[in-house]
Amino acid sequence: MVWNIFFDLHGPLVDVRKIIQNYEAYLITLLSPIGLSRRKIINLHRKALDRWLDKVNKISIDPKCEVDPNYFLTEMERIDREWELFILANIPKSKKIQVEAQIRTTNLEYNALAQGKVPVLFPEVHITLMELSQVSSLDLNIASSASSHHIRGVITLHNLEGFFKNLIGYDIVKAPKKGLSGIYYKKIIELTQATPLKTIFIGDSREEAEHSKKLGFKFVMVSREGKTFSDLKSNEYFDYVKKLDDIPVLVREWMEVEQNF
């Protein structure tokens, strides 16, 4: 039977700081020709990002967003549009039509990464994916709180198309990943027809660990700074790693144990 690994994108695979650098560089390319200074563009982006994150975090724990997919997607569309309008409000009126389509989040989230100049993967990620892709009966997937446009941008930037079977963003699951009920994790199982007891989730947060445990997943906490949670102790199906290149050994061990039962 096929096993599945689901990778969280931000933290385990990519460096968020590098993501931000590529977004800023993309906006500089778009907005500098219409008269905005580099400093203003960077400040504008950081303010817009802070506002966006604050709103997304609030709706992520709204119970209605977990039980009503249409409501959740409508809220995300509203927040994205507010981000766009915040940027446009700082652009001269005569220039807005020139850039409006390019800063639409559905376009920008892909293009800012796909055309990025700064590599966003952590150094050991590519070789780890190569090693895992050679394990028979193992499918690799990404399950992120980001949009599928954002995920595809990373995939394009680093030519990772052949590694992953499913690229799952919030718009595919239609549920917030940080929701309290864990419906996001139930839905990724439904979408992929994965078997929970043969599923490994690679994450870097408490909620990922807790929801994985409830559903019977194996879990790997990527803790690049060596931080551990005192109440989340490692066991035979839960471990901490500092870098992804420690994961293939764990995966093979877990698969062998299950095979011997």
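Here, each number is a calculation from the coordinates, and none is a lab measurement. Worth saying up front: this structure is predicted, and the values here are computed from it rather than measured. All Cβ positions, even for glycine, are placed from backbone atoms using ideal geometry, and neighbour counts span all protein chains on display.
For this structure, a couple of remarks:
- Around the amide H of Asp204, modelled in the peptide plane, lie the amide H atoms of Val222, all under 5 Å away and 5 or more residues distant in sequence or on another chain.
- By the count of neighbouring beta-carbon atoms within 10 Å, fewest first, Glu208, Glu253, Glu225 end up ordered Glu225, Glu253, Glu208.
- The distance from the alpha carbon centre of the range 231-261 to that of the range 145-210 is 19 Å, rounded to a whole number.
- Which labelled figure in (1) 48; (2) 61; (3) 44 is percent of Cα pairs over 26 Å apart, once derived from the coordinates: (3)
- Couplings 3J(HN,Hα) of the range 180-186, computed from phi: 6, 7, x, 5, 3, 6, 5 Hz, in residue order, whole Hz [Karplus 6.51 cos²θ - 1.76 cosθ + 1.60, θ = phi - 60°; x for Gly and Pro].
- Residues whose placed amide H lies under 5 Å from that of Val135, excluding near-sequence neighbours: none
- 3J(HN,Hα) from dihedral phi, the range 108-125, Karplus parametrisation 6.51/-1.76/1.60, rounded to Hz, x for glycine, proline: 5, 4, 7, 5, 4, 9, 4, 9, x, 9, 9, x, 10, 6, 5, x, 8, 5
- Karplus 3J(HN,Hα) series, Hz, for the range 10-25 with 6.51 cos²θ - 1.76 cosθ + 1.60 (x for Gly, Pro): 7, x, x, 9, 10, 8, 4, 4, 6, 4, 4, 4, 5, 4, 5, 4
- Going from the fewest other Cβ atoms within 10 Å to the most, the residues Ile42, Ile87 appear in the order Ile42, Ile87.
- For Tyr71, the shell of other residues with beta-carbons less than 9 Å away shows a net charge of -2, using +1 for Lys and Arg and -1 for Asp and Glu.
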